[in-house]
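Shown next, in structure tokens, is the structure this report addresses.
The values are calculated or read from the model by the stated rules, or taken from the named source; none is laboratory data. As the structure is a computational prediction, the values presented were derived from the model and not from experiment. Methodologically, a virtual Cβ is constructed for each residue, glycine included, from the backbone with ideal geometry; neighbour enumeration extends over all protein chains shown.
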Amino acid sequence: MRRTLLPILAFVVGLVGLCIAAFAVLAPKTQEGGTSSVGGPFTLTNQDGQRVTERDYAGRTHLVFFGFTHCPDVCPTTLQQIGDVLRALGPKGKDTRALFIAVDPERDTPEALKAYLASFDPRIVGLTGTPEEVSAAVKAYRAYVRKVPTKDGDYTMEHTALVYVMNGQNRFLNALNLARPPEEAAAELARML
């Protein structure tokens, strides 16, 4: 009986240890104050050609969305929804900004972003940079991006379609739920401003 029980006990203890180690490695890390470590330093170029960092958006709650100008549906729909929410905020949202970080730096130049964003709310700011700069921003926000070749020799981009709500200290507060009327999403956002 002992010969059978001892290996089983050793297996259970090892399994518990493995679970604890996996949790420690895979659990989201937190910064001081218990907030999520989503977000972080970045240096990018806005649609007007000016270099900006995350510090330029500190001091006020703002939104962050990753996308690209050649996106056929998710990006334009989400940008329109963000604009609807910003308008639904009324005067309370006049200083709120939404950062559209382009995940396709090959095609999404500042000029391309400026032309593309002209169709959306002017509080949406386009940001791009070198592939390394964009990659660093993607990593800081724990986003997902992958270039996918298409049959016609072109490519598209798979990416995280989450709208991050960041506070004035550039810390992640929540994801903005756009799957409801703009007034409801605006009321939720207003509580975070």
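So the values come out like this:
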item: Selection within segment 58-78 - assigned to a helix (DSSP H, G or I), hydrophobic (A, V, I, L, M, F, W, C) and out of contact with any strand residue (DSSP E or B) (no Cβ under 6 Å at 6 or more places or on another chain); result: VAL74
item: Selection from segment 137-168 of residues that are under 14 Å from VAL38 (Cα atoms), touching a strand residue (DSSP E or B) at 6+ places or on another chain (Cβ under 8 Å) and of a type in the set (A, V, I, L, M); result: ALA137, VAL138, ALA143, LEU162, VAL163, VAL165, MET166
item: Residue within segment 74-93 that is assigned by TED's automatic domain parsing to the domain that holds ASN170, in contact with a helix residue (DSSP H, G or I) (Cβ under 7 Å, 6 or more places away or on another chain), hydroxyl-bearing (Ser, Thr, Tyr) and in contact (Cβ under 8 Å) with a residue 24 or more places away in the chain present; result: no
item: Residues satisfying the stated conditions in segment 149-193, i.e. of a type outside the set (S, T, N, Q) and within 13 Å of the chain's Cα centre (by Cα); result: HIS159, ALA161, LEU162, VAL163, TYR164, VAL165, MET166, ARG171, PHE172, LEU173, ALA175, LEU176
item: Evaluation of HIS70 against (1) in contact with an Asp or Glu (Cβ under 7 Å, 6 or more places away or on another chain); (2) modelled with pLDDT under 95 (one fails), failing number; result: (2)
item: Complete set of residues in segment 37-52 that are modelled with pLDDT of 95 or more and of a type in the set (Gly, Ala, Ser); result: GLY49
item: Single unsatisfied condition, ARG146 versus (1) within 25 Å of GLY83 (Cβ to Cβ); (2) within 16 Å of the chain's Cα centre (by Cα); (3) not hydrophobic (A, V, I, L, M, F, W, C); result: (1)
